[in-house]
Amino acid sequence: MNYKDTIAAIASSSKNGSISVIRVSGPQALFGVSQIFRKKNGEIIDLTAKESHTIHYGYIFDGKEEIIDQVIVLVMKAPRSYTTEDVVEIQCHGGSLICQLILEELLHHEIRIAEPGEFTKRAFLNGRIDLSQAESVMDLIQADSQLALHNSLNQLRGNVREKIEELRQVILTDIAFVEAALDDPEHLSLDGYVDQIQNHGQELLEKINHLIHNFENGKIIKEGIQTAIVGKPNVGKSSFLNCILREDRAIVTDIAGTTRDTLEEEVRIGSTLLRLIDTAGIRSTADQIEQIGIEKAKESIEKSDFVICILDSSKDLEKEDLEVLEEASQKPGVILLNKIDLDSRLEGQEIPFSQGKKIMSFSALEGHGLSELEDYLNQLFIQDKIDYNDEIYITNMRQKEALYSARDSLLQLLETIQAGMPEDLFTIDMQNAYESLGLIIGQTIEDDIVDKIFKDFCMGK
Ligand code: GDP
């Protein structure tokens, strides 16, 4: 696809970094940048005459012939660039002000500001990357945990495409054979081939189910685990919170919640990202004992994927503990016997409503039990399922829905075969499965979906 527009944006993300990058892509990129890029004495540096993949040193001048900044310019000529168009990258100094000034100058030379994700959209539409790779660029930008990062890189390398292509190829071969045999029954016979289609259908189904299953893990990798910390007043919830937050120096963000005034904190335990729900509630009610109640715990548990249930092990269980435990029993989680540094009354005791939950001794005060908790969570969420090398994780809803619809078509195919229906009906189901799988890598994607996906991107990517 040939775009007429030349686009530019700040491609580096950090506002405080020492170097920023402005990326320019399109037919006007070389000429446009040459209009403002000079030697110190003002002599023009003509980038259109330079070789691809070369680096040039000079100064960016504004319209009043004043120097804005000393820069390094990289030239990547079509088609050997990310977008497959002529691309120029300007490395300038630090802050966003200089970047803004340079961008403004570029706008005077038939270059416009890129929309979010537009570079990657061009890379996709020009065939440089497939859709799963494009989406992984977005994931990469937003990756919060090591595993998410690894997974995005895996997708970016095209592992998803390879896997999906492999599945599609099997279907395509079968479709082609059935159609050919129906066209030319004298030379090609479908005898026995139906069994093969059935076997292929079953194998594909298994593989797709596996990918769907991985989605849940993928979601956990990417988005983290919604975690509720519950317990009656004074068991040590806020101490526990402080304990894990202090331990993990890389608190990612404090995001002001979209609902009410809740604060969501993220903490990385090993390679697992926990999203702690309603921590503001825990903190603000620490001194107001009567306010925190079972209602609050209920709400948090409902929103969570995982519950950390805290008990004060130095005291006997009370009615409120039992209420919290019962409420928590509907979700997976752990039970922490906190204050284990004091005389314990609960250790070795049977804890009601604890089925399926691991019970661990803990001391928020001394940090005891934290590394065991960390090991346990890693084992629980990550297990051995993640093979760093070649396991494929479908991580977004769009891809997952496409997998579901491919699975439905395959189930339909198997039913059609079992019901002894005519062969020409097989190809309909096979084609549907083929197309659904194609959606994952953008083979049959509609324009509006493409637009939607790329709008979610960050500027400059
Ligand atoms: P919350 O109401 O559940 O948030 O409980 P807090 O975290 O405010 O703790 C209540 C009291 O228990 C405070 O005085 C804490 O210092 C104390 N506490 C919390 N964890 C421990 C622990 O592991 N050992 C001991 N000895 N005291 C603790």
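The values are calculated or read from the model by the stated rules, or taken from the named source; none is laboratory data. Just so it is clear, the model here is predicted, and its values are computed rather than measured. Don't worry about glycine lacking a Cβ; one is built from the backbone with ideal geometry, like all the others, and counts go over all protein chains shown.
The residue that is modelled with the lowest pLDDT, among those in region 282-312 that are in a helix (DSSP H, G or I) and within 10 Å of the ligand (Cβ to nearest atom), is ILE289.
The rows are residues; the columns are (1) outside any strand (DSSP E or B); (2) modelled with pLDDT of 85 or more; (3) aliphatic (A, V, I, L, M).
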{"site": "ASN242", "(1), (2), (3)": "yes, no, no"}
{"site": "LEU245", "(1), (2), (3)": "yes, no, yes"}
{"site": "ALA250", "(1), (2), (3)": "yes, no, yes"}
{"site": "ARG260", "(1), (2), (3)": "yes, no, no"}
{"site": "GLU264", "(1), (2), (3)": "no, no, no"}
{"site": "ARG268", "(1), (2), (3)": "no, no, no"}
{"site": "ARG275", "(1), (2), (3)": "no, no, no"}
{"site": "SER314", "(1), (2), (3)": "yes, yes, no"}
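The set of residues in region 414-443 that are under 31 Å from the mean Cα position of the chain (by Cα) and among the β-branched types (Val, Ile, Thr) comprises ILE440, ILE441. TYR82 satisfies every condition listed in (1) modelled with pLDDT under 95; (2) in a helix (DSSP H, G or I); (3) under 29 Å from GLY127 (Cβ atoms) except (2).
In region 332-351, the residue that is nearest to the ligand (Cβ to nearest atom) out of those that are under 15 Å from ILE308 (Cα atoms) and surrounded by fewer than 20 Cβ atoms within 10 Å (Cβ to Cβ) is ILE351.
Residue-level analysis places LEU410 among those that are modelled with pLDDT of 60 or more and either surrounded by 22 or more Cβ atoms within 10 Å (Cβ to Cβ) or of a type in the set (S, T, N, Q) (or both). Just one residue in the set GLU391, GLU326, GLU374, GLU401 is modelled with pLDDT of 90 or more, away from the ligand (no atom under 16 Å from the Cβ) and either assigned to a loop (DSSP other than H, G, I, E, B) or surrounded by fewer than 20 Cβ atoms within 10 Å (Cβ to Cβ) (or both); that residue is GLU326.
Of everything in region 192-228 that is of a type in the set (Val, Ile, Thr) and over 25 Å from the mean Cα position of the chain (by Cα), the residue that is modelled with the highest pLDDT is ILE197.
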